[in-house]
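All remarks here apply to the structure that follows.
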Amino acid sequence: MLSRTLTIEIARVTEAAAIAAAHWRGRGDEKQADQAAVDAMRQALNRILDMDGLVVIGEGERDEAPMLYIGEKVGSGTGQRIDIALDPLEGTTLCAKAMPNAIACVAMADGGSLLHAPDTYMDKIAIGGGYPDGTVDLDLPPAENIRRLAKAKGVTPRDITACILDRPRHEALIAAVRSTDASITLITDGDVAGVIHTATPDETGIDIYMGIGGAPEGVLAAAALRCIGGQMQGRLVTKSEEQKARARKMGIEDFHRKFSMQEMAKGDVMFAATGVTTGSMLEGVHFEPGYVTTETVVMRSATGTVRWIKNRRKSAE
Ligand code: VTB
């Protein structure tokens, strides 16, 4: 079980990253925005006492990411062993272009509980809570999944909305979903938020997330959905030998394996996200003279708690 005090610590971590990234909103510089978020997140993680943290989903492998690389130890190095999945700026392009739904996010679980996903793509499907197990399945054709979800919801496919990343690779998926008469919300980036949206369809208008995005983002999304309830499956998409080597390095031998949400994020899990730009889930960072305000959501699987933290504090400078 995770220590409850981590709830506030994890919020400090995503707040720090979001504030740092927000200084780069709309400046067209994805790299600087990301770097600022990484620096701030790392500092905040290292201030956490009684945490022997291991980054399992990070900014990349050690040779390509000088900070928050996979395998980096963070926290005091004493106390509870914690697996950490992080994305200091999920949606770097959204931030650089000041578009909605850029977030800073982190998931934490007991040591050994998070899937060590390689930096490849992952095919994902996710729906919110309240449906029978197996309502949708990655192995079924997309149109069939829409029809089954509509039936479980007691509506027609016309009343279902899918969220899909707007990419050429999704042309066939989009056509298949549209063939059922369902509606599609296309997003340019940010599929962690896309998956989370399925948990509250009445608010977000999104019933199902489908398609191929980053594998690390898949684990973060699975951690979040474990906390708030829902179903998700993911399968790595490893096309090149180089990608297969990455997967092997993470201990994955069966590249076609379908991972359930529970396999991607086991046991007691916490997830936090702070808005960088205002989106459908979170307000973005708000600066005013001398003060900065952030909005953060912290979720925990053991208790099903979803805590909203609006924090106004003096600016650092
Ligand atoms: C995916 C998605 C992310 O970037 O990684 C995407 O999971 C990259 O996809 O949420 P492309 O290579 O097709 O651009 C995000 O949308 C944002 O980091």
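Every read-out reported here was derived from the displayed coordinates using simple, explicitly stated rules and does not represent laboratory data. In this text, all values refer to a predicted model and were calculated from it rather than measured experimentally. Here the Cβ positions follow ideal geometry from the backbone for every residue, glycine too, while neighbour counts run over all protein chains shown.
For the chain, the number of Lys pairs with C-alpha atoms closer than 25 Å, counting only pairs eight or more positions apart or on separate chains, is 21.
Computed from the C-beta positions of THR5 and THR156 and an R0 of 51 Å, the FRET efficiency is 0.60 to the nearest 0.05.
Would you work out the relative contact order for region 39-195, in percent, from Cα pairs under 8 angstrom that are 6 or more residues apart? Before the final figure, lay out each step's value.
On the way: 254 pairs, mean separation 25.4, N = 157.
Relative contact order comes out at 16 percent.
Mean sequence separation of contacting Cα pairs (under 8 Å, at least six apart), scaled by the length of the chain, corresponds to a relative contact order of 20 percent. Phi angles across region 202-215 convert, under the Karplus curve 6.51 cos²θ - 1.76 cosθ + 1.60 with θ = phi - 60°, into 3J(HN,Hα) values of 5, 8, 8, x, 10, 9, 8, 10, 9, x, 9, x, x, 5 Hz, Gly and Pro given as x.
In region 20-63, whose amide N lies under 19 Å from the spot 7 Å out along Cα-to-Cβ of ARG313? List them in ranges. It comes to 20-24, 36-51, nothing else. Of the peptides 185-198, 232-245, the order by per-residue mean of other Cβ atoms within 10 Å, starting with the highest, comes out as 185-198, 232-245. Considering all alpha-carbon pairs of the chain, what whole percent are spaced by more than 32 angstrom? Summing the P(r) tail past 32 Å for the chain gives 23 percent.
Rounded if a/c is under 1.5, else prolate if a/b is larger than b/c, else oblate: which is region 160-295, with a ≥ b ≥ c the root eigenvalues of its Cα gyration tensor? Note, shape of region 160-295 comes out oblate.
Pull out the extension gain between GLU242 and ALA175, defined as 0.36 nm times the separation in residues minus the alpha carbon to alpha carbon distance; nm, one decimal.
Working: separation 67, 0.36 × 67 = 24.12 nm, distance 3.08 nm.
Taking GLU242 through ALA175 to full extension adds about 21.0 nm, to one decimal.
Here the contact order of region 121-264, divided by its residue count and restricted to Cα pairs under 8 Å and six or more residues apart, works out to 32 percent.
Using only helices, what value at 222 nm comes out for the chain when you add -39,500 (n - 2.57) per DSSP H run of length 4 or more and divide by the total residues, to the nearest 500 deg cm²/dmol? Numbers along the way, then the final one.
Numbers: 10 runs with 97 residues, N = 317.
Helices in the chain give a 222 nm mean residue ellipticity of -9000 deg cm²/dmol.
Which net charge results for the neighbourhood of THR294, defined as the other residues with beta-carbon distances under 11 angstrom from its beta-carbon, given Lys and Arg at +1 and Asp and Glu at -1? Result for the local shell: +1. For the peptides 125-137, 96-108, 274-286, residues were scored by their other Cβ atoms within 10 Å and the scores averaged per peptide; the highest-first order is 96-108, 274-286, 125-137.
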